[in-house]
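The values are calculated or read from the model by the stated rules, or taken from the named source; none is laboratory data. Since this is a predicted model, take the numbers as computed values, not measurements. In this analysis, Cβ positions are derived from the backbone assuming ideal geometry, glycine residues included, and neighbour counts consider all displayed protein chains. Heavy atoms of the whole protein, side chains included, go into the accessibility calculation; ligands, DNA and RNA do not. Shrake-Rupley method; radii C 1.70, N 1.55, O 1.52, S 1.80 Å.
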Amino acid sequence: MYEYEIYRSTSAELIRRADAEREIGRARRARRSARRTGRHDPEGKVRQSDRSRFAPAA
């Protein structure tokens, strides 16, 4: 009987961990898709670091 209770406890813990991992994956996919939807925005972000690419005029 004792082994069966340990088995059930371990099984329940593994199921909880799997659910947590699935939830993390869903959150990652949601963030990734939210970033991708804004890429084709005609008035997207302007980078300030692009100015250092060009040398100053003489």
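In this entry, Arg26 passes the filter for residues that are of a type outside the set (Phe, Trp, Tyr), at pLDDT 90 or above and open to solvent by 80 Å² or more (accessible area, probe 1.4 Å).
Glu21 passes every criterion in (1) at pLDDT 80 or above; (2) more than 22 Å from the chain's Cα centre (by Cα) apart from (2). Against the list (1) at pLDDT 95 or above; (2) exposed (fewer than 10 other Cβ atoms within 10 Å of the Cβ), the condition Arg51 fails is (1). Among residues of the range 5-34 that are among the charged types (D, E, K, R), none has a beta-carbon under 8 Å from a residue that is surrounded by 10 or more Cβ atoms within 10 Å (Cβ to Cβ) and outside any helix (DSSP H, G or I) at least six positions away or on a different chain.
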